[in-house]
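Inspection log for the structure reproduced underneath, given as structure tokens.
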Amino acid sequence: QKLHQMANCKHPVVVRRENEASFDADGEEGIANESAFSSFVAGTAGGLVSSLLTHPLDVVITRMQAQMHPSQAQKYRNTGSELFFIANQEGLRGLFSGVIPGLLGSMTAWGVYFVAYNHLRALLQHGFHDHDASTSKHQLSPVSNVACAVAAGCVSTVATQPIWLIKTRLQLQQRSCSQYKGMIHCSVDIFRTEGIYGLFR
């Protein structure tokens with residue numbers, strides 16, 4: 001009976017190592033979750049600031065690209081003249097038309113991109129090794145990093161495509177002939193008249 005009890009008892013060193021392994025696994029999972037959250041926060045904050053600062057230029061670019069007739073092309077000779085024209089005719093509201101979907105789109109796009117990119121890199125780093133902390137990571141090649149970036153970009157683009165479409169529609173409408181009252185009205189109208197495919201043009 002004593003031999004049986006001794007056989008069932010684990011050596012203190014073995015127990016300590018098992019506890020350390022369990023602690024390391026929990027610690028790595030916590031770090032991974034914290035890293036994903038930090039990446040999302042950093043991406044959304046960066047997207048918010050950059051989109052807010054450059055939105056008037058985005059409005060100008062969108063309207064210049066939408067010009068089709070030569071008479072319209074002469075209307076806006078350059079970026080500066082179009083900025084002045086929009087500010088004079090439509091005020092600050094015209095320069096920031098579509099700013100809500102623009103901010104939402106940038107924050108979502110960068111947040112999703114960083115989370116997807118870091119997650120894909122982690123999968124490649126850990127996917128071909130065991131869970132031992134000393135051997136679970138390896139240096140990714142430039143091709144692998146590029147592949148992760150491309151895949152993360154695809155995920156981000158698909159996730160935010162309806163937002164960019166709504167932003168463009170709001171930027172193209174002028175104050176004198178506004179078709180949409182806002183982001184929600186625009187999205188509902190597109191879905192009602194063009195269906196779900198209209199949001200992914």
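Contact annotation: residue pairs with Cβ atoms under 7 Å, 6 or more positions apart or on different chains, pairing a residue in the stretch 80-92 that is part of a helix (DSSP H, G or I) with a partner that is open to solvent by 40 Å² or more (accessible area, probe 1.4 Å), are E82/M64; E90/Q174; E90/R175. Looking across the stretch 93-123, the residues that are among the polar types (S, T, N, Q) and closer than 21 Å to A152 by Cβ come down to S106, T108, N118. Across the stretch 21-57, the number of residues qualifying as aliphatic (A, V, I, L, M) and modelled with pLDDT under 80 comes to 6.
Count of the stretch 112-136 residues, restricted to those that are at pLDDT below 85 and either exposed (fewer than 15 other Cβ atoms within 10 Å of the Cβ) or more than 16 Å from A151 (Cβ to Cβ) (or both), is 11.
The values are calculated or read from the model by the stated rules, or taken from the named source; none is laboratory data. Just so you know, these numbers come straight off a predicted model, no measurement behind them. Note: ideal-geometry Cβ built from the backbone for every residue, glycine included; neighbour counts use all protein chains shown. Keep in mind that these areas ignore ligands, DNA and RNA; they rest on the heavy atoms of the full protein, side chains included. Shrake-Rupley method; radii C 1.70, N 1.55, O 1.52, S 1.80 Å.
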